[in-house]
Ligand SMILES: [Zn+2]
């Protein structure tokens, strides 16, 4: 009985310490969400005024009329839409368009859908601060890019987005584990099997060691 | 100056300025503007306001005239001002004019072959001899050198770049355009020599030296953290409970073997008191029967002293003292024997437990470096120490107590037990 109590207490202590250690190690793997690249800052500041930001390098890529239509559709869409028009770059301090779009959304702190439009590159979007039906536009560019066709595509996507179900807050959906239920069941299941294996091996080791000690 | 420039980049200018009149007016206007602005801009190249976006070759030339380093945000690795500063410092060290352009490609070059090379030639025509490093967002870089020493060679920059790439961490480290440009400028600073590795390493350790690795989406990273924590907690719980239950329920090993195992302590047996008194009475009688000569002999005196010491400890009520009285009685008995048989050894008890009887062997004690005299049984297999029961601490081996018995091993460790006991007890009383 005493062994049982000591073992249970030791197990509980180890579980708490191990859990804290795992949490700490995995926390250092979280991407730094406070870092914002220069491009994201510029775009976010501009998006505070208008729902469409056009990089000076792409001045004239869309006509004023096209921009006005996109702007109107983006502002009235629910969830709100923000559009960044700029040449896609790998040399601007972030890896992917979804990373920089998220940086923009976090800095602007307005929940909605953030689009990147880059002539010659894919149209891309991310949800920031909203958790809703899966909505993802990733349209590879046509051979011949034209602002007219891109405007039509963008307006279609904004209309598709308008009125979809969503709640405010970040999605906990993970591509590896699914939602909260997936995370919990994966953790419990793997822990159960792993712990069972370790426990069995450990116990066998204890019996072996005891027999060897007694034989001496 | 401005006129000459416009003439050389004629095709571009013609497209921009529709008529000859505007060309002349524009040129005069630009010349005045350049004269007004250029000195100020040259004096403070690192003004706080970034220059406006240069979308054409002409605009780039104008910016390069004021500042030989042109970095646009799409090429600035997240911090254009820092990139500009790094490049400006490197450029300032060079003995020849060095121009660096990290920018989006002007639309007018889009249909050209090797646009970076073409534009470097245009820059050189406008700005004169020097080194021109041009890297566009879309396309590969070009470095051109005009009117510079022959030994100038940019290969060391690329050798250093490849080496840094191989040393870098990450799955597919790719040097940034900025890193490449910095190394090219460094190669221009030290012509004909390898780049010092300390300089290269210093640059390579900067966050802008390599294109960033793909980050895990935050939701995935958060989910991973939960999964890992849950795995560890459940795993430890399950493993710990299995082991605990297994150990707690494990049957003791084979009965015979565990019975053979000696207990951890040996107690002073009941009834010892009576036996020691009886033995002391016997040895007293033997002593009283000795002749005067025998009494004054060394052995006779030792017997008398041992009896006296035994008398002092026999009735203290302490178990260990009672054992001491037993040993002292045996010592006295042996000394009286030695009067007739001087060859006999003086009495020495078993160190492990004096109640085992006389020592006939020596053994290296477990966890110790002393050889102690022990009885023949303990010589074969060391038994448990004579122990005494303490109220709180359970059983305590006599050697761990602070008594004269622990210090002397009941005479197993010393030859003068009697004297030590007498001294110990005269101090106390
Ligand atoms: Zn013994």
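The values are calculated or read from the model by the stated rules, or taken from the named source; none is laboratory data. Treat the numbers as computed from the prediction; the structure is a model and nothing was measured. In this analysis, Cβ positions are derived from the backbone assuming ideal geometry, glycine residues included, and neighbour counts consider all displayed protein chains.
Some values worked out for this structure:
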item: All positions within segment A:165-193 that are surrounded by 16 or more Cβ atoms within 10 Å (Cβ to Cβ) and either within 19 Å of the chain's Cα centre (by Cα) or more than 14 Å from chain B (Cβ to nearest Cβ) (or both); result: A:166, A:171, A:172, A:173, A:174, A:177, A:182, A:183
item: Residues satisfying the stated conditions in segment B:176-201, i.e. within 12 Å of chain A (Cβ to nearest Cβ) and surrounded by fewer than 22 Cβ atoms within 10 Å (Cβ to Cβ); result: B:180
item: Residue count, segment B:343-373 (criterion: at pLDDT 90 or above, more than 9 Å from the ligand (Cβ to nearest atom) and buried (at least 18 other Cβ atoms within 10 Å of the Cβ)); result: 3
item: Residue within segment B:119-130 that is within 13 Å of chain A (Cβ to nearest Cβ) and without any contact (Cβ under 8 Å) to a residue 40 or more places away in the chain present; result: no
item: Complete set of residues in segment B:374-396 that are surrounded by 16 or more Cβ atoms within 10 Å (Cβ to Cβ) and within 13 Å of the ligand (Cβ to nearest atom); result: B:374, B:375, B:377, B:378, B:379, B:382, B:383, B:384, B:385, B:386
item: Total residues in segment B:153-172, condition more than 35 Å from the chain's Cα centre (by Cα) and loosely packed, with under 12 Cβ neighbours inside 10 Å; result: 1
item: Residues of segment A:106-132 classified as within 13 Å of another protein chain (Cβ to nearest Cβ), closer than 15 Å to residue A:53 by Cα and either part of a strand (DSSP E or B) or under 12 Å from the mean Cα position of the chain (by Cα) (or both), total; result: 1
item: Of residues in segment B:202-221 being facing chain A (nearest Cβ under 7 Å) and part of a helix (DSSP H, G or I), the one farthest from residue A:190 (Cα to Cα); result: B:218
item: Residues satisfying the stated conditions in segment B:409-424, i.e. under 13 Å from residue B:320 (Cβ atoms), in contact (Cβ under 8 Å) with a residue 24 or more places away in the chain and either within 45 Å of the chain's Cα centre (by Cα) or more than 16 Å from the ligand (Cβ to nearest atom) (or both); result: B:421
item: Selection within segment A:17-38 - more than 7 Å from chain B (Cβ to nearest Cβ) and more than 22 Å from the chain's Cα centre (by Cα); result: A:17, A:20, A:21
item: Extreme residue, nearest to the chain's Cα centre (by Cα), among residues of segment B:63-110 that are over 30 Å from residue A:35 (Cβ atoms) and within 14 Å of chain A (Cβ to nearest Cβ); result: B:106
item: Verdict on residue A:41 being within 18 Å of the chain's Cα centre (by Cα) and either at the interface with another protein chain (Cβ under 10 Å from one of its Cβ atoms) or closer than 20 Å to residue B:75 by Cβ (or both); result: no
item: Criterion (assigned to a helix (DSSP H, G or I), without any contact (Cβ under 8 Å) to a residue 12 or more places away in the chain, within 22 Å of residue B:273 (Cβ to Cβ) and away from the ligand (no atom under 14 Å from the Cβ)) met by exactly one of B:332, B:406; result: B:406
item: Segment B:354-377 residues that are free of Cβ contacts under 8 Å to residues at least 12 places away in the same chain, paired with ones that are within 10 Å of the ligand (Cβ to nearest atom) and part of a strand (DSSP E or B) (beta carbon under 8 Å, 6 or more apart); result: B:371/B:363
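For (1) in contact with a helix residue (DSSP H, G or I) (Cβ under 6 Å, 6 or more places away or on another chain); (2) farther than 28 Å from residue A:35 by Cβ; (3) in contact (Cβ under 8 Å) with a residue 40 or more places away in the chain, each residue gets a yes or a no:
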| position | (1), (2), (3) |
| --- | --- |
| A:88 | no, no, no |
| A:94 | yes, no, yes |
| A:97 | no, no, no |
| A:125 | no, no, no |
| A:132 | no, no, yes |
| A:136 | no, no, no |
| A:152 | no, yes, no |
| A:156 | no, yes, no |
